[in-house]
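In what follows, a structure is listed as structure tokens, so that the remarks can point back to it.
The values are calculated or read from the model by the stated rules, or taken from the named source; none is laboratory data. This structure is a prediction, so every number in the text was calculated from the model and none was measured. In this analysis, Cβ positions are derived from the backbone assuming ideal geometry, glycine residues included, and neighbour counts consider all displayed protein chains. Heavy atoms of the whole protein, side chains included, go into the accessibility calculation; ligands, DNA and RNA do not. Shrake-Rupley method; radii C 1.70, N 1.55, O 1.52, S 1.80 Å.
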Amino acid sequence: MSVPPSTRPVPVMHRLEPAALAGVMTRDIVLFRRYWRATTFSSIVQPVIYLLAFGLGFGSLIKYVGHVRYVEYVATGVVATAVLFSSAFPGMFNTFIRWQFQRSYDALLAAPVDVEELVTAEILWIAIRAGAYGLAPLLVAFAFGLSPTPGMLLVPLIGFVTGFGFAAFGVLIAAVAKTIDNFNYVTSAVLTPMFLVAGTFFPISRLPHVLRTIAKFNPLYHCVAIVRDVSLQTIGTADLEHAAVLVAFAVLMWRLAVWRLVKRLID
């Protein structure tokens, strides 16, 4: 016996439909299979070079930072750099190219996908990759004396949350930029100082008071701090603050990215 159309249950449409998110992410995965070698190489090699240059180069001059061997100090700090490079840059360049040149987003929005779902799926995929790439410096550091600890199992999760925030930041910049050349300003004036003043290579306690205050508003500093604590088994209550800042940064950047890209994609 057939049910009259008027009495059939109507499917509930969620704000972020899992099917829409899965569809966009599946497309990203298919595309990623074509260029994963180049992307993985660039996302991993640069942080590893920092690790080798600072950890082994300066490590021959500076043996310890506090009670931590310098190579361990740098290795755990460079994780945040790997996450930054593998999230902010794809967020900026991939978004701008797919939106302005390839017009991929126009095609996706013709399907049952809205801008919020599109942006969220793109950011989720970049964040997942960033969480995985963040492990590379630790794996390299194992060869130079860094001891594996159970807390390192949390590093991909920390990298995912941090990567989500910076991927959303990249999408926001792409939605604001008039040309792709504008990314040079962000790279030079924002991202480079951000990873240099994050406690990656030296403690921020050695900085002048003004810079110490600014550094504490730097999400990358909080990523460095929490990764270092879980990896070296020095977890404390301060890590709750670090985690809260990373989550707040991720949510804020996500909402701003959605808001701005809606304005650019929807006439």
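Evaluating ILE235 against the criteria (1) part of a helix (DSSP H, G or I); (2) touching a residue at least 60 places away in the same chain (Cβ under 8 Å) leaves one unmet condition, (1).
Considering only residues of the range 78-98 that are open to solvent by 50 Å² or more (accessible area, probe 1.4 Å) and under 21 Å from PHE249 (Cα atoms), which is nearest to the chain's Cα centre (by Cα)?
Out of the qualifying residues, it is PHE89.
For residues that are of a type in the set (Phe, Trp, Tyr) and open to solvent by less than 20 Å² (accessible area, probe 1.4 Å), scanning just the range 99-110, find the one that is nearest to GLY57 (Cα to Cα). Filtering the range 99-110 for residues that are of a type in the set (Phe, Trp, Tyr) and open to solvent by less than 20 Å² (accessible area, probe 1.4 Å), the one nearest to GLY57 (Cα to Cα) comes out as TRP99.
Go through the range 126-147 and give me each residue that's part of a helix (DSSP H, G or I), of a type outside the set (Val, Ile, Thr) and in contact (Cβ under 8 Å) with a residue 40 or more places away in the chain.
From the range 126-147, those part of a helix (DSSP H, G or I) are 126-133, 136-142; that's our starting set.
When the remaining residues are screened for being of a type outside the set (Val, Ile, Thr), the result is 127, 129-133, 136-139, 141-142.
ALA127, ARG129, ALA130, GLY131, TYR133, ALA136, PRO137, LEU138, ALA141 - these are the residues of the range 126-147 that are part of a helix (DSSP H, G or I), of a type outside the set (Val, Ile, Thr) and in contact (Cβ under 8 Å) with a residue 40 or more places away in the chain.
For the range 168-226, residues that are hydrophobic (A, V, I, L, M, F, W, C), part of a loop (DSSP other than H, G, I, E, B) and surrounded by fewer than 13 Cβ atoms within 10 Å (Cβ to Cβ) total 1. Of all residues in the range 57-77, those that are basic (Lys, Arg) and either out of contact with any Lys or Arg (no Cβ under 9 Å at 6 or more places or on another chain) or surrounded by fewer than 16 Cβ atoms within 10 Å (Cβ to Cβ) (or both) total 1.
Criterion first (without any contact (Cβ under 8 Å) to a residue 12 or more places away in the chain, part of a helix (DSSP H, G or I) and either of a type outside the set (A, V, I, L, M) or under 27 Å from GLU116 (Cα atoms) (or both)) does TRP254 satisfy it? Spell out the reasoning first.
Details: without any contact (Cβ under 8 Å) to a residue 12 or more places away in the chain: no; part of a helix (DSSP H, G or I): yes; either of a type outside the set (A, V, I, L, M) or under 27 Å from GLU116 (Cα atoms) (or both): yes.
Spelling it out, it is not the case that TRP254 is without any contact (Cβ under 8 Å) to a residue 12 or more places away in the chain, part of a helix (DSSP H, G or I) and either of a type outside the set (A, V, I, L, M) or under 27 Å from GLU116 (Cα atoms) (or both).
Do we have VAL113 as surrounded by 17 or more Cβ atoms within 10 Å (Cβ to Cβ) and not in a helix (DSSP H, G or I) here? Taking the combined requirement at face value, the residue satisfies it.
For residues that are among the small types (Gly, Ala, Ser) and open to solvent by 20 Å² or more (accessible area, probe 1.4 Å), scanning just the range 41-56, find the one that is farthest from the chain's Cα centre (by Cα). Give the steps one after another, and end with the answer.
Within the range 41-56, the first condition is being among the small types (Gly, Ala, Ser), and the residues that meet it are 42-43, 53, 55.
Then keep just the ones that are open to solvent by 20 Å² or more (accessible area, probe 1.4 Å); that gives 42, 53.
On the way: SER42: 15, ALA53: 23 Å.
Among those residues, the one meeting the criterion is ALA53.
Mind listing just one residue for me: the one in the range 148-167 that is part of a helix (DSSP H, G or I) and of a type in the set (Val, Ile, Thr) and, of those, most open to solvent (accessible area, probe 1.4 Å)?
By that ranking, first place goes to VAL161.
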